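This report refers to the structure that appears directly beneath it.
The values are calculated or read from the model by the stated rules, or taken from the named source; none is laboratory data. All figures in this text were calculated on a predicted structure; none of them were measured in a lab. Here the Cβ positions follow ideal geometry from the backbone for every residue, glycine too, while neighbour counts run over all protein chains shown.
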Amino acid sequence: MEAVSREVKCAVCGYVHRQYVITSMLTCGCYLDLRPVEQIKALISYEIQRCPKCHYCALNVSEKVPNAEKVIKTKEYVEQFNCSKFPKLANFFLCYSIILKSVNDYAKAGWSCMRAAWVCEDMKEGVIYFPPKIDFDLMYTIGREDFERIREQVAGEGFDEFCDAIGKEIKKNYNPEAEQECRERAFAFFMKAKKLGQRFAKRKGVEEEVLTDILRRLGKFDKALKMAQEGLRIKGIDRDVRLALEFQIKLIKRKDTSCYTFDDASKFFDEEKF
Ligand SMILES: [Zn+2]
């Protein structure tokens, strides 16, 4: 993946500022909720922009979602933007989902909430997002004061020690409830999208697989099992999707809420066979 910094003009308030823009992306496999795998984990912070002046959050702030100027002034949006339950970066994704909801784009709103969930989830492992220095709030999932305090604490030590200390602070701030709430919101949006015939995944059975994964990760095993079975009833699904759904059923039966990849699913059945 590559990202370059560009001068952009906010489509809502006209403020000209710099943002990082992803120019190319390589993905090699993904998790069962379609998140791309490890090596590009930290790059999620490039997938949202927020105008530092009016707080408009979008994939691309130089493009306006209709009526965004009204939505960003609503109580719901302002409260979400400042909500201390979530890391700031997750709030930006959640704010974008509020804007998308206002134009009834439930598929994209769901994915924005999923990204917020991934940001929260990364904190469990102390993942540090290290983009260049344009926007502090996109770099760290901890507050600026905590960041400065740690920087003082490890002053004179090496970069590794600094990263270590920041990673520990991020882990300390991990909030499982925040992660769950993002997944719940994503689920609600995806279900609404499904009902309205808005596709949120292209291939057959993948939507059911993603929904199964969300339910399983939330520990809602009965509903997850039903969703996986619904997916398996779809005719003409690809082999990897079928394996993922069958793998989900195995995970559900052992009440496993951990994170797995599509690769794990095929490996599981390869090993079982031999
Ligand atoms: Zn703006």
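Restricting to the range 102-117, name every residue that is over 19 Å from LEU211 (Cα atoms) and assigned to a helix (DSSP H, G or I).
Passing the criteria: only SER102.
Look through ILE99, ILE166, ILE170 and report the one residue that is among the aliphatic types (A, V, I, L, M), in a helix (DSSP H, G or I), in contact with a Gly (Cβ under 7 Å, 6 or more places away or on another chain) and surrounded by 15 or more Cβ atoms within 10 Å (Cβ to Cβ).
That would be ILE170, the only listed residue that is among the aliphatic types (A, V, I, L, M), in a helix (DSSP H, G or I), in contact with a Gly (Cβ under 7 Å, 6 or more places away or on another chain) and surrounded by 15 or more Cβ atoms within 10 Å (Cβ to Cβ).
Condition first: touching a residue at least 60 places away in the same chain (Cβ under 8 Å), outside any loop (DSSP other than H, G, I, E, B) and buried (at least 22 other Cβ atoms within 10 Å of the Cβ). Now tell me which residues in the range 46-78 satisfy that.
Listed by number, the list holds a single entry, ARG50.
If you go through the range 44-61 one residue at a time, how many are over 19 Å from LYS75 (Cβ atoms) and of a type in the set (D, E, K, R)?
Matching residues across the range 44-61 total 2.
Those residues that are away from the ligand (no atom under 16 Å from the Cβ), small (Gly, Ala, Ser) and either crowded, with 19+ Cβ neighbours inside 10 Å or at pLDDT 90 or above (or both), I need them from the range 12-45; list them, please.
Result: SER45, single match.
When the residues of the range 173-216 are narrowed to those that are of a type in the set (D, E, K, R) and more than 29 Å from ARG239 (Cβ to Cβ), which ends up surrounded by the fewest Cβ atoms within 10 Å (Cβ to Cβ)?
GLU177
With the condition kept exactly as written, say whether any residue in the range 134-142 is touching a strand residue (DSSP E or B) at 6+ places or on another chain (Cβ under 9 Å), assigned by TED's automatic domain parsing to the domain that holds ALA90 and in a helix (DSSP H, G or I).
Checking the range 134-142: at least one residue is touching a strand residue (DSSP E or B) at 6+ places or on another chain (Cβ under 9 Å), assigned by TED's automatic domain parsing to the domain that holds ALA90 and in a helix (DSSP H, G or I).
For the range 146-176, how many residues are of a type in the set (Val, Ile, Thr) and more than 30 Å from LEU218 (Cβ to Cβ)?
2
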